[in-house]
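Input: a single structure, listed below in structure tokens.
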Amino acid sequence: MPGRAERARRIFRLGLRARFTVAFALGGLVLSALLASVIIVYNAIGVIRPATQDLMDRAPGEEMISRVAAAAAAVPGVSAIEKLKVRKAGMGYYVDLHVQADPAMPLHAAHVLSGMVKSAIREAVPEVTGALIHMEPYEADGGAGTV
């Protein structure tokens with residue numbers, strides 16, 4: 001039978017083993033929690049980034065802007081286009097465009113022309129859900145064609 005000192009040493013060793021086991025287990029839990037936190041933050045950034053870009057009126061790529069400009073310029077009666085702005089809002093895009101036409105054109109004819117431009121844009125670019133067309137008199141030297 002072991003003596004009192006030997007029993008005390010064994011109990012002490014068991015205590016140390018238990019302490020190290022608990023420390024390693026807690027360390028593993030801490031690392032698991034850190035890893036889970038990193039995954040959560042990464043996924044949150046992936047969800048928040050597109051939402052904030054949409055809230056900030058993100059402009060589409062140059063390809064879409066070129067399609068809108070080409071569709072508007074192809075309408076008969078349009079002399080020039082300028083100040084083309086396309087922005088995303090919700091699930092669609094909104095166009096703000098200044099169209100220059102014959103200064104002698106009657107108001108009713110200008111209104112019809114703006115509707116034709118709007119229809120041409122929506123037909124060429126189905127993602128466009130709204131368009132605001134500003135009609136202006138054509139000025140040969142007034143910076144026409146600036147997009």
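The values are calculated or read from the model by the stated rules, or taken from the named source; none is laboratory data. Every value quoted in this text rests on a predicted model; they were computed, and no experiment measured them. Cβ: placed from backbone, ideal geometry, glycine included. Neighbour counts: every protein chain shown.
Every test in (1) among the aliphatic types (A, V, I, L, M); (2) surrounded by 15 or more Cβ atoms within 10 Å (Cβ to Cβ); (3) without any contact (Cβ under 8 Å) to a residue 60 or more places away in the chain is passed by residue 74 save one, and that test is (2). Applying the condition of being among the small types (Gly, Ala, Ser) and at pLDDT 90 or above to the range 61-76 and asking which residue is farthest from residue 109 (Cα to Cα) yields 66. Of the residues screened, residue 45 is one that is surrounded by fewer than 10 Cβ atoms within 10 Å (Cβ to Cβ), among the β-branched types (Val, Ile, Thr) and either in the same structural domain as residue 128 (by TED's automatic domain parsing) or farther than 28 Å from residue 104 by Cβ (or both).
Looking only at the range 48-59, residues that are surrounded by 13 or more Cβ atoms within 10 Å (Cβ to Cβ) and either at pLDDT 80 or above or aromatic (Phe, Trp, Tyr) (or both) come to 0 in all.
Determine, yes or no, whether residue 114 is free of Cβ contacts under 8 Å to residues at least 12 places away in the same chain and either surrounded by 17 or more Cβ atoms within 10 Å (Cβ to Cβ) or of a type in the set (Gly, Ala, Ser) (or both). Spelling it out, it is not the case that residue 114 is free of Cβ contacts under 8 Å to residues at least 12 places away in the same chain and either surrounded by 17 or more Cβ atoms within 10 Å (Cβ to Cβ) or of a type in the set (Gly, Ala, Ser) (or both).
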